[in-house]
């Protein structure tokens, strides 16, 4: 993948909003449901343009999931929207029974995930959502890295038949992937070639991995950066091909170490290509209030932490 010239930083939730509006114009079966957070999810444009296909359910997230599941029976493609904490932890029973177990074509779209929710604190900074969702049979889990990729992913999942969890966030981050990209579910994006270590990153940590690559290059190490935007299904072939070349791996994610991308990559490598691996993730703790950058630094989710993990894993080869 070629990194485009950087434009201004943009929040990934706005990429979701733009993608949803574009879908509304293209596909009359797309409907949107929101749990009293229309502005925060950037769903207001869809609401304004397609009021007869927008449903404000209020602070009733469990009902929203059940309503969405029912809508699929009539051929609709429902996109639900609320914070990641409310999209998963609060409504897990409804997702498991009404959507996943029943195989309903619901797109669960979740904003304000991870530590970068910032000042709202630990109660809202869910760091377990990827694990919760990837354990559900037949659930696809997607965690894009920037505005353009989130917009492309939003459009792509409407064409996919089956339940999807789409995770994005509030902070403004570098927007560096192509505007006209084709988003392929389950297909990792190689950002750069490398020979010494494979760095598999997802979400906001993809840009941190790119920053880490430059630091490693100054130290004389060649890092291969791969954007794992789809955590389930995992691109096994891409991961094996990369680690077979470099001999070791680092994973980077804004999530608990337990149950996240690192777990998935380690399990897969253990089965197919046992290799040294280090994980950059939250180490079994809740978050706290602070600015996104303060929290990423404190919890070790920054470029420096990825560099240190890479140096450590290279030494283990």
Could you list, in sequence order, all residues of segment 267-303 that are closer than 21 Å to residue 169 by Cβ, surrounded by fewer than 16 Cβ atoms within 10 Å (Cβ to Cβ) and either touching a residue at least 24 places away in the same chain (Cβ under 8 Å) or not assigned by TED's automatic domain parsing to the domain that holds residue 224 (or both)? 283, 286, 288, 289, 291
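Here is a check on your reading of the model: is residue 213 in a helix (DSSP H, G or I) and assigned by TED's automatic domain parsing to the domain that holds residue 103? Show your work before the answer.
Numbers: in a helix (DSSP H, G or I): yes; assigned by TED's automatic domain parsing to the domain that holds residue 103: no.
Against the criterion (in a helix (DSSP H, G or I) and assigned by TED's automatic domain parsing to the domain that holds residue 103), residue 213 does not qualify.
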Just for segment 9-49: of the residues that are more than 20 Å from residue 112 (Cβ to Cβ) and touching a strand residue (DSSP E or B) at 6+ places or on another chain (Cβ under 8 Å), which one is surrounded by the fewest Cβ atoms within 10 Å (Cβ to Cβ)? 27
Checklist (1) within 24 Å of residue 124 (Cβ to Cβ); (2) touching a helix residue (DSSP H, G or I) at 6+ places or on another chain (Cβ under 7 Å) applied to residue 63, failing item: (2)
Quick one: which residue in 233, 292, 276 is touching a helix residue (DSSP H, G or I) at 6+ places or on another chain (Cβ under 7 Å) and under 24 Å from residue 153 (Cβ atoms)? 292
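Do any strands (runs of 3 or more DSSP E) entirely within segment 123-210 hold 1 or more residues that are modelled with pLDDT of 95 or more and farther than 19 Å from residue 255 by Cβ, and if so, which? Quick ask: steps written out before the conclusion?
On the way: elements: 140-142, 164-167, 189-192, 197-201.
Hits in segment 123-210: 189-192, 197-201.
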Take residue 258 and decide whether it is under 17 Å from the mean Cα position of the chain (by Cα) and surrounded by fewer than 18 Cβ atoms within 10 Å (Cβ to Cβ). yes
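The values are calculated or read from the model by the stated rules, or taken from the named source; none is laboratory data. If you're wondering where the values come from, they're calculated on a predicted model, not measured in any experiment. Cβ: placed from backbone, ideal geometry, glycine included. Neighbour counts: every protein chain shown.
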